[in-house]
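See structure below.
The values are calculated or read from the model by the stated rules, or taken from the named source; none is laboratory data. Everything numeric in this text was worked out from a predicted model, so none of it was measured. Glycine also receives a Cβ, built like all others from the backbone with ideal geometry; neighbour counts cover every protein chain displayed. Just the protein is used for accessible areas: all its heavy atoms, side chains included, with ligands, DNA and RNA removed. Shrake-Rupley method; radii C 1.70, N 1.55, O 1.52, S 1.80 Å.
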2 protein chains.
Amino acid sequence: MLTRIDHIGIACFDLDTTVEFYRATYGFEVFHTEVNEEQGVREAMLKINETSDGGASYLQLLEPIREDSAVAKWLARHGEGVHHIAFGTADVDGDAAAVREKGVRVLYDEPRRGSMGSRITFLHPKDCHGVLTELVTAAKPH
Amino acid sequence: MLTRIDHIGIACFDLDTTVEFYRATYGFEVFHTEVNEEQGVREAMLKINETSDGGASYLQLLEPIREDSAVAKWLARHGEGVHHIAFGTADVDGDAAAVREKGVRVLYDEPRRGSMGSRITFLHPKDCHGVLTELVTAAKPH
């Protein structure tokens, strides 16, 4: 069961500049940074609020580190903007199986590693009214 | 001060079909519906979680009711997808003034009526790394 908006994934050309925009404009601070080699991005998580399921909602700022990464290709087509949205669940495996059964294409056979040790999968945007949708289970209870 | 992700605004061609997609796929239920004549949309709010500032996070599904509405024009260019993101604040007037002072274009001189009696304004996406950004103060404490 999806119990929170976990994050909004925003693709940008330059992570440092974009982090500084969110800090200077709104006062949002960086909670966590990492490089995800498999996804081909470096990223900054800005924690915005905690959520009623014991988790939190973040902005996830994403800069590609390889020209062949999905985010790099997306940026080349669209320019900067909202790349995906992510719903938090305690059971990404179960929820991914359930939506697959309903005919929504799930992009990974098995969940992969996401931010902060989470396990994630993505749903095909063409099956989700144009929204690239991520399901995420945090590494441990917050 | 912005204290929550208030909602993610998603533009769609047909509200009923899209509401049904979110219900059938994830179990999200409609919390509120309304027509906003000024914005030229009809909309459904799906409440996803409550937030640590006493508010909540929603998906806001938007269908244009006029071809000359901003959302209709956006849909014609982009197709369905994430139209904007919204941050909640107790003081939309103060926060709008503060970001304007930092050189970010605020689209309204004064906040206008948003969902559920809220007061809203928008920041120019070109000043926000491609993200159409809304600031919203709820009608009353949740």
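Count of the range A:60-99 residues, restricted to those that are over 25 Å from B:I5 (Cβ atoms) and surrounded by 14 or more Cβ atoms within 10 Å (Cβ to Cβ), is 4. When only residues in the range B:47-65 that are within 7 Å of chain A (Cβ to nearest Cβ) and assigned to a strand (DSSP E or B) count, which is nearest to the chain's Cα centre (by Cα)? Among them, the one singled out is B:S57. Filtering the range A:66-77 for residues that are in contact with a Pro (Cβ under 6 Å, 6 or more places away or on another chain), at pLDDT 95 or above and part of a helix (DSSP H, G or I) leaves a non-empty set. Reported count of residues in the range A:112-134, each being part of a loop (DSSP other than H, G, I, E, B), within 25 Å of A:L46 (Cβ to Cβ) and open to solvent by 30 Å² or more (accessible area, probe 1.4 Å), is 2.
Taking the range A:2-20 as the search range and keeping residues that are touching an Asp or Glu at 6+ places or on another chain (Cβ under 9 Å) and within 7 Å of chain B (Cβ to nearest Cβ), which one is nearest to B:R4 (Cα to Cα)? Step by step, filter the range A:2-20, then rank; the result is A:R4.
Would you call A:G9 farther than 22 Å from B:T51 by Cβ, surrounded by 14 or more Cβ atoms within 10 Å (Cβ to Cβ) and not aliphatic (A, V, I, L, M)? No; evaluated as a whole, the condition is false for this residue.
For the criterion of being within 11 Å of another protein chain (Cβ to nearest Cβ), assigned to a helix (DSSP H, G or I) and over 13 Å from the mean Cα position of the chain (by Cα), B:T25 passes. Would the range B:107-122 turn up any residue that is within 9 Å of chain A (Cβ to nearest Cβ), modelled with pLDDT of 95 or more and in contact with a Pro (Cβ under 8 Å, 6 or more places away or on another chain)? Taking every residue of the range B:107-122 in turn, none turns out to be within 9 Å of chain A (Cβ to nearest Cβ), modelled with pLDDT of 95 or more and in contact with a Pro (Cβ under 8 Å, 6 or more places away or on another chain).
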